[in-house]
Amino acid sequence: MRARWRLIRTAITGALILAGWIAGRMSAAWPLPYALGLRAASDGLMIAAAGLGGFEVVFSAFRALRMGVLSIQALVTVAAAGALAIGEYWEAAVLLFLFSGGGYLEALTVEKTRRAIQSLVEASPKTARVRRGDPPNETVIPADEVLPPETVIVLSGERIPVDGTVISGSVSVNEAPVTGEPIPKEKGPGDPVFAGTVVQVGYAEIRSERVGEDSTFGRIIRLVEEAQEEKAPVQRTVERFAKYYTPAIIASSAAVFLLTSDLRVALTFLVIACPGALVISTPISVVAAIGNAARNGILIKGGSHLETAGLVTTVAFDKTGTLTLGRPEVTSVVSFYDEFDKKDILRLAALAEQFSEHHIASAVMRKASELGLAEEIGAARQRLEFEVSPGRGVAVTPLLDIPATAEDNIARVVIASGESVVVGTPLFLRERGVRDTARLAYGSVGEPSRQDPRNLVATTIYVGSTERGLLGAISLTDPARPEAPEAVDLLRRAGIRRILILTGDASEPASAVAEGLGITEVRAGLLPDQKLKTIKDLRAEGEVVAMVGDGINDAPALASSDLGIAMGAAGTDTAMETADIVLMSDDLRRVAHAIALSRAARANVLQNLSISLIVVFLLVLGVLTRHVFMASGMLIHQLSVLTVLLNASRLLRHKYPLGLTEPAGKLYR
């Protein structure tokens, strides 16, 4: 409504100016009595136009002055008032009309630039169909009134209103609003779903877990809104410059008057030197770039991180869950202890790994579930003390002796309360007092992977007991992501000097993944604090480092790098909070997209700054040489503002080739 009134007011102002101009032209052709009347009418219409077009400008100027800010509106107000005082009603009216009209067009362009976040807000689910009452009935309620773990029902064509887990039914879900991935995914019982995604086909009942602002979609909107408000370093520099630039323009205008004794020239100088285009040159580009990224499933948490992404020289990848699919599978189990078979070794490992969130732990638990061990392992959970060492392993100790009864299968492998079961790396087992670990090759793949010819990229964890010593080992494989080679190649073509792998895994599987991707630098066997030290060492060498990880075990490295990038973070709180950039999908190529977008934004900002400064310089020359006057100067100034806005809006259409079809020289456009 306000924008509509602003348009109407600007249109009326333009009509008054046109009528005043016509009256002024007619006064030259009419006899004297009529000419005087027409001249008076022309002046009156111009004054009315100045009043209508300028009252909001004057109000904004005084409001800014009350806050201690000398704004552009203040400069325009002074110039218009001076023009009215010396009888230049035409100049004053046109000045205020152009400034007001230019402001309206500027607002329209900014609104278009911010439409990316607005489209996210509009895509927020408004209602939810839940099952309530006794007997249960389907009821439609506002989406933010769902009470977890309430059951939510979704049908074909509806937006999923909550984060949750499918408990029955099957649906094909378009997750593009959250992950940016256009290909629908099939969801069935046990699969997670996210608010804001769209059910294309099917019916499902969902156990709600997070709703409203706490849902993944709600957090995306909040993060993007916060990011668009955060200022980039170059923006803060420009604003500091503008803070002193505006008073300097007033002083210069006074100097021009003293030198020329021409108030009209001094007022024109005051108008055309306004830093309007300069002030908006950076924030509008930042808003456009962040909006583009959000539409493509990339959350950039502010202008400073956007700017840093364009300076990156080194990219460090975590291996598990980042370069690989993050869903390892148990491929072999070996028992070194005569009393235990392979199932016993897996049972022991699952007892400990149920307390870990690591990808390897999930693989062990899935295998244990396949063998029907889930129920007894879960039943023992309350009787165990546990210790998790990130990147190293897990140790569990029973609180009480477990009787050796036939009904309790765990009694075969955990007997005494003082005995600890330790699962993890050879070094972790040794530090926890497990015997017989000296024969293992620390940091290597170990025995089971050599027995598993199906996959050379194997990872091994060992199982031991503080009473019985080394008991067995479990080998797992985790294939590389299919798009990983292309993603690495895109980064190289983008000019990234160093690409390396930082992993807590053994050197053999890490080197195998690196070889397949063409990465020559691998740091294996690293604990989280060692990854942190490696990042700091790289930065000390002068590298601008981006760390790409899963946002959980890699949190210290993500936080300490110049740019932390979390992969596949839909639904992951740690990733969203720790990283500077969050990739909502698992497509590694979006790392290159983020870097390319950042560089395009930096180039766009430099273009805008150049346009702003060159136009001001040429206008100042025009004023001092009496070739540019108040109305024409304001027109050119407003055109420069619109040019900056339109140039920034190009970032909304910026695309980065996710294929390898274009030569490197065309990567940035």
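So how many residues does the stretch 541-558 have that are closer than 30 Å to Asp191 by Cα and either out of contact with any helix residue (DSSP H, G or I) (no Cβ under 6 Å at 6 or more places or on another chain) or modelled with pLDDT under 70 (or both)? Full working, then the answer.
Of the residues in the stretch 541-558, the ones closer than 30 Å to Asp191 by Cα are 547-558.
This time we only want the ones that are either out of contact with any helix residue (DSSP H, G or I) (no Cβ under 6 Å at 6 or more places or on another chain) or modelled with pLDDT under 70 (or both), so: 551-554.
Looking only at that region, the number is 4.
So Leu70 clears everything in (1) touching a helix residue (DSSP H, G or I) at 6+ places or on another chain (Cβ under 7 Å); (2) at pLDDT below 80; (3) in a helix (DSSP H, G or I) except one condition, right? Which one?
The one condition Leu70 does not meet is (3).
Among the residues of the stretch 323-349 satisfying the criterion of being among the polar types (S, T, N, Q) and touching a Lys or Arg at 6+ places or on another chain (Cβ under 8 Å), which is farthest from Glu541 (Cα to Cα)?
Ser335
So, in the stretch 559-590, of the ones that are at pLDDT 85 or above and part of a loop (DSSP other than H, G, I, E, B), which residue ends up nearest to Arg481 (Cα to Cα)?
Leu588
Of the residues that make up the stretch 318-337, is at least one more than 28 Å from Asn174 (Cα to Cα), assigned by TED's automatic domain parsing to the domain that holds Val388 and part of a loop (DSSP other than H, G, I, E, B)?
Among the residues of the stretch 318-337, at least one is more than 28 Å from Asn174 (Cα to Cα), assigned by TED's automatic domain parsing to the domain that holds Val388 and part of a loop (DSSP other than H, G, I, E, B), which makes the answer yes.
Check the stretch 479-490 and report whether any residue there is charged (D, E, K, R), closer than 24 Å to Leu597 by Cα and in contact with a Gly (Cβ under 7 Å, 6 or more places away or on another chain).
Within the stretch 479-490, none of the residues are charged (D, E, K, R), closer than 24 Å to Leu597 by Cα and in contact with a Gly (Cβ under 7 Å, 6 or more places away or on another chain).
Determine whether Ile86 is at pLDDT below 75, surrounded by fewer than 15 Cβ atoms within 10 Å (Cβ to Cβ) and not polar (S, T, N, Q). Explain how you work it out, then say what you get.
Working: at pLDDT below 75: yes; surrounded by fewer than 15 Cβ atoms within 10 Å (Cβ to Cβ): yes; not polar (S, T, N, Q): yes.
Answer is yes for this residue.
Considering only the stretch 369-423, state which residues are of a type in the set (Val, Ile, Thr) and at pLDDT 80 or above.
Ile377, Val388, Val394, Val396, Thr397, Val421, Val422, Val423 - these are the residues of the stretch 369-423 that are of a type in the set (Val, Ile, Thr) and at pLDDT 80 or above.
The values are calculated or read from the model by the stated rules, or taken from the named source; none is laboratory data. Predicted model only: the values in this text are computed from it and were never measured. Reconstructed Cβ throughout: ideal geometry from the backbone, glycine too, with neighbour counts over all protein chains shown.
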